[in-house]
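Quick notes on the structure that follows.
Computed from the coordinates by the stated procedures, all read-outs in this text should not be read as laboratory data. In this text, all values refer to a predicted model and were calculated from it rather than measured experimentally. Note: ideal-geometry Cβ built from the backbone for every residue, glycine included; neighbour counts use all protein chains shown.
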Amino acid sequence: MDRIQITDYLAKKVFNKELALSDDYIMLKNKQIYSDRDYGRLVESNKLSPEDAFVYITPIIYSEESHERFVTYLFPLIDTYGFYGIRDSYFAKLGFYDHSFKIYPAIGLKYFSIILLFSDRLVIEIVDIDIVATNTGLRKIVTDVLGKGILTQKELSGEQLREISFVFNNRKLFAGHAVEEAYYIMYDYYIHHDTSLAKEVLAIANDYNKIFQPYRVVYDTTTRQQVLM
């Protein structure tokens, strides 16, 4: 399945209420989808192979219309859920285990997808995990923190998770801004209408697309048809 087929498949699952949108999910190469906890239990009992994993899915449901969370709607991968989802999907792809963070080995993973269901719109963005790990520097951060342990270590310590997360969150990836700062610049522009930030917002948006290279689709939740916005 390519990214177009995956997003179409996930949209149908959401509209048919086959995803609870309360957990993260792992989709296998055979299109089976399991909550992260169910997936973890099946892997631990050797009923599934970590190589069978294909897409790591983070779904979020909002009661509001999309314009009420416009920055998240437009740039979901710099919202907290998206950015941490990228981190966790990469940990899973590397084969790490951490029960408290619901991270389970999923070395077959190729894609990370975030799903946002608003009252008026369904948004799905999907990215290649390896490309994003390289472009964000996450790959290097993990290697620097773990050293040779990256080849033999199966579990991440709390200290390692905190260090990786701190460095990852503070990388100035978006027009010289770290992810949280970039988000609030966008917020001030789109929500508070601070037009003096227009050039900076454009630069952040360009970096967003360059770094993540997302495939994005948006659906009208009433007609269930794809729309531009």
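Some observations on this one:
- Over all other residues within a Cβ to Cβ distance under 12 Å of Leu156, the charged ones net out to -2, with Lys and Arg as +1 and Asp and Glu as -1.
- Dividing the summed -39500 (n - 2.57) terms of all DSSP H runs of n ≥ 4 by the residue count of the chain sets its mean residue ellipticity at 222 nm at -13000 deg cm²/dmol.
- Within the listed set Asn206, Asn169, Asn46, the Gaussian network model of the chain (springs between alpha-carbon atoms below 10 Å) gives the highest mean-square fluctuation for Asn46.
- Taking Kirkwood radius over Cα pairs in Å as calculated from this structure, the corresponding entry among (1) 19.7; (2) 18.2; (3) 21.3 is (2).
- Over the range 3-221, relative contact order from alpha-carbon pairs under 8 Å, at least 6 apart, %: 20 percent
- Taking the Cα centre of the chain as origin and assigning +1 to Lys and Arg Cβ atoms and -1 to Asp and Glu Cβ atoms, the resulting dipole is close to 660 debye.
- Choice from Thr134, Thr152, Thr80 showing the highest fluctuation, given a GNM over the chain with Cα pairs closer than 10 Å: Thr152
- Across the range 95-111, computed HN-Hα scalar couplings (Karplus, 6.51 cos²θ - 1.76 cosθ + 1.60, θ = phi - 60°) run x, 7, 10, 8, 5, 5, 9, 6, 9, 10, x, 8, 5, x, 4, 10, 10 Hz from first to last residue, x flagging Gly and Pro.
- With R₀ fixed at 30 Å, the C-beta to C-beta distance from Lys210 to Glu51 puts the FRET efficiency at about 0.45.
- The Kirkwood hydrodynamic radius of the range 1-60, based on inverse pair distances between different Cα atoms, is 11.9 Å.
- Spin-label model distance (nm) - Asp188 vs Thr80, 7 Å beyond Cα toward Cβ: 2.1 nm
- Separation of the range 29-88 and the range 158-213, taken as the distance between their Cα centroids, equals 21 angstrom.
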